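These notes are about the structure you will find just below.
The values are calculated or read from the model by the stated rules, or taken from the named source; none is laboratory data. Because the structure is predicted, anything quoted here is derived from the model rather than measured. Backbone-built Cβ (ideal geometry, glycine too); neighbour counts: all protein chains shown. What goes into the accessible areas is simple: the full protein's heavy atoms, side chains included, and nothing from ligands, DNA or RNA. Shrake-Rupley method; radii C 1.70, N 1.55, O 1.52, S 1.80 Å.
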Amino acid sequence: MGNLYLTYREGFPKDLDSTFIENTDGSKISYGELEEESAKYANGLSELGLQPGDRVSVQLNKSHEVVFIYLACLRANLIFHPINTAYKENELSFLLNDAKPSVFICEKEIYKNLSLLDLEESISHIFTLNPADHESIQSIKKEGDHEIVDCSPDHTAALLYSSGTTGQPKGIMLTHGNIGSNAHALKDAWGFSNDDILLHSLPIYHVHGLFVALGCVFLSGSKMLWTKSFDAGQAIELLPRCTVMMGVPTYYTRLVASKDLDKSCVSNMRLFISGSAPLLEDTFIQFYKKTNHHILERYGMTETNIICSNPLEGERKPGTVGMPLKDINLRIVDDSFNTLENEEIGHIQVRGPNVFNSYWNLPEKTKQDFTSDNYFNTGDKGFVDKDGYLSIVGRTKDMIISGGLNVYPKEVESLIDSFDEVEESAVIGLADKDLGESVTAIIVLNANFHLGEDDIIFRLKKDIAGFKVPKKVIFVDDLPRNAMGKVQKNILRDKYQ
C-alpha cells in the first residue's frame, strides 16, 4: 500500500496517549485522538458518497480540525485542496471552478456570502467548521474504525495552486509518494526524534506548514506547540519549551529585532530552520550573535517539496541552501540544457521522488516544464560551489516572495491595467528587511487622468489577498523597454531600490 496516512502512522508513538499538539491555552490533542477524529471524518466523507480522487477544498483558519480533515482525506484517498485564507472572492472562484471539488469547507463569513462567488457549477457539499452551525462539517463525523483505502504512491494526495507568469494559477498535483518520501528524507536530514518539540507557527495551507512541519512530527512521533500565527513576543515565550522551530525569514528578522531574544531563551533549542524565501546573510549573522545558533536554510517549492538543505552536522553556509536531499538529483544547465561545472551560474533542474508528476488539467504546461529525461525546470537560477552547496542567485520566472508567500506580478498587473485611468503597469519586488521583498507597482496613467497611490491600493484590496497588494505605488511617464519592446524590470528594480 502506498497510502500516505499509513506512512505517517508508522512513526506514531506506541503510546497513542502521547501528546501530538499542545495549544497555547494548555489543551492537548493526543495521537489517539488524531487517529479517532481522522477516522470519523473519513467515515463521514465516504457516507457523503465521495470516491477516491474527489477533491475536498478547504479555506479555513489554522486549527487542529484542519489536520484531522487532511488526514481523513488521505485515509479515504481523496484529494486535499488547501486554500490561502487571505484569498478574496475572485481568487477563490477561480480555484473552485478549476478544482471542481465535491466538498468545500470554509469560514462562516465566506459561507454567508457564497452568492458573491462566480461559480460555474454548484458544489455538492458546502460546510463551515463551527460545531454550532447546522451546516458544520463536524456534523458528518461517524464513529467507528475506518478502513484505509489502498492506493498507489502515484495517486494524488493534495492539490496546491501556484500562479505562473501569466497570472493564471496552476494546480500542482502532489502524490502520496512525493510527500511521504520527502518527509522521510527531512526527518532523517534534520534528526527528528520523539524527544523533539516543534514550535509550529506557520500557516497550514501550503507545503511548509502542512507537509514539511507535520511530516517530520508524524514520522518521529514528536510533539508540537501550536500557535494560530507567528508573533515574535509569543515565540520568545514558548522557545524555552521547544527543541525545533521552522519559519520563513520574516520570522527570524522579527526575532532578531526583539530585545528579549537572547541565549537563555533558546537553551533547549537544537535547531532553527528557515525556508520559503531567501534568508539574508545579515539575519543569519545577527541571529547567531544573539543566540549562538546558526539557522539552517533549505530550498524547496510547491512542485518539488524540499530539494536541498544545509547540513545538521557540518557547516551551514550563509547565502546557500545546502546540498540535495537523499535520492534527489540536481543539475545546473545553460540555455541549451548543457550541464555546467561548479561555480557556473545557470538554470536549476531537479529530479527525484519528491517532484510532482503533472499540473492539474494542463498536460501541455507539464510537458514544457519537464525535460526529456524527466528533470523539472524550477525556474530558478543558481550555482553549486566546490563543496556541493547550492546558491540561488535569481529567478527566471518573474516572481516576488513577500513574507514567504509567492506573488506573481502578472496577476497584479492585470488588475491594475484594467483600471480606466491606467495605460500600463509593472509590478516588481524591492528588498525589504522584514518581508524579504516588498511588492511595488510602477504605473503609467492615461493622458488627462489622475489617480493616487491610496486609490490604487484601496481598489486592489477588494479583489486580491492583502499580501499581493503593493506596499508602494510609483507613477512614471513611461516604462523602460528593450529592443523587443519587453519591459525591463531589472532597470526598474535598480532605479527604485
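Starting from region 188-199, take each residue that is within 20 Å of ASP17 (Cα to Cα) and list its partners that are modelled with pLDDT under 95 and among the hydroxyl-bearing types (Ser, Thr, Tyr), counting only C-beta distances under 9 angstrom and pairs at least six apart or across chains.
Close Cβ pairs (under 9 Å, with a partner that is modelled with pLDDT under 95 and among the hydroxyl-bearing types (Ser, Thr, Tyr)) do not exist here.
Listed residues LEU225, LEU312, LEU280; which is of a type in the set (A, V, I, L, M), at pLDDT 95 or above, at negative phi and surrounded by 17 or more Cβ atoms within 10 Å (Cβ to Cβ)?
Exactly one residue qualifies, and that residue is LEU225.
Among the residues of region 376-385, are any more than 27 Å from GLY429 (Cβ to Cβ) and open to solvent by 30 Å² or more (accessible area, probe 1.4 Å)?
No, there is no match, as no residue in region 376-385 is more than 27 Å from GLY429 (Cβ to Cβ) and open to solvent by 30 Å² or more (accessible area, probe 1.4 Å).
Given (1) under 27 Å from THR304 (Cα atoms); (2) modelled with pLDDT of 95 or more; (3) open to solvent by less than 10 Å² (accessible area, probe 1.4 Å), identify the lone condition not met by ARG270.
(3)
Where in region 226-328 are there helices (runs of 4 or more DSSP H), lying wholly inside it, with at least 1 residues that are closer than 21 Å to HIS208 by Cα and touching a residue at least 60 places away in the same chain (Cβ under 8 Å)?
232-238, 249-257
Working only within region 343-361, note down all residues that are of a type in the set (D, E, K, R) and free of Cβ contacts under 8 Å to residues at least 40 places away in the same chain.
GLU344, ARG351
Does GLY352 fit the bill of being open to solvent by 20 Å² or more (accessible area, probe 1.4 Å) and under 23 Å from GLY171 (Cβ atoms)?
In short, yes.
Name the residue, out of LEU34, LEU16, that is in a loop (DSSP other than H, G, I, E, B) and either modelled with pLDDT of 95 or more or closer than 12 Å to LEU71 by Cα (or both).
LEU16
So ALA431 fits all but one of (1) of a type in the set (A, V, I, L, M); (2) in contact (Cβ under 8 Å) with a residue 40 or more places away in the chain; (3) surrounded by 13 or more Cβ atoms within 10 Å (Cβ to Cβ); what number is the exception?
(3)
Is it fair to say SER264 is crowded, with 23+ Cβ neighbours inside 10 Å and of a type in the set (Ser, Thr, Tyr)?
no
Specify the residue that is nearest to ASP432 (Cα to Cα); the eligible residues are those in region 235-267 that are touching a Lys or Arg at 6+ places or on another chain (Cβ under 7 Å) and not acidic (Asp, Glu).
Only one residue tops the list, namely THR253.
Within region 51-60, is even one residue in a loop (DSSP other than H, G, I, E, B), of a type in the set (D, E, K, R) and within 24 Å of the chain's Cα centre (by Cα)?
yes
Go through the residues of region 52-72 one by one and say whether even a single one is surrounded by fewer than 16 Cβ atoms within 10 Å (Cβ to Cβ), touching a residue at least 40 places away in the same chain (Cβ under 8 Å) and within 23 Å of VAL149 (Cα to Cα).
Within region 52-72, one or more residues are surrounded by fewer than 16 Cβ atoms within 10 Å (Cβ to Cβ), touching a residue at least 40 places away in the same chain (Cβ under 8 Å) and within 23 Å of VAL149 (Cα to Cα).
Among the listed residues ALA157, ALA132, identify the single one that is crowded, with 21+ Cβ neighbours inside 10 Å and on the phi < 0 side of the Ramachandran plot.
ALA157 is the lone residue from the list that is crowded, with 21+ Cβ neighbours inside 10 Å and on the phi < 0 side of the Ramachandran plot.
Please find, within region 2-24, the residue that is most open to solvent (accessible area, probe 1.4 Å) out of those that are over 11 Å from GLY180 (Cβ atoms) and more than 24 Å from the chain's Cα centre (by Cα).
The residue in question is LYS14.
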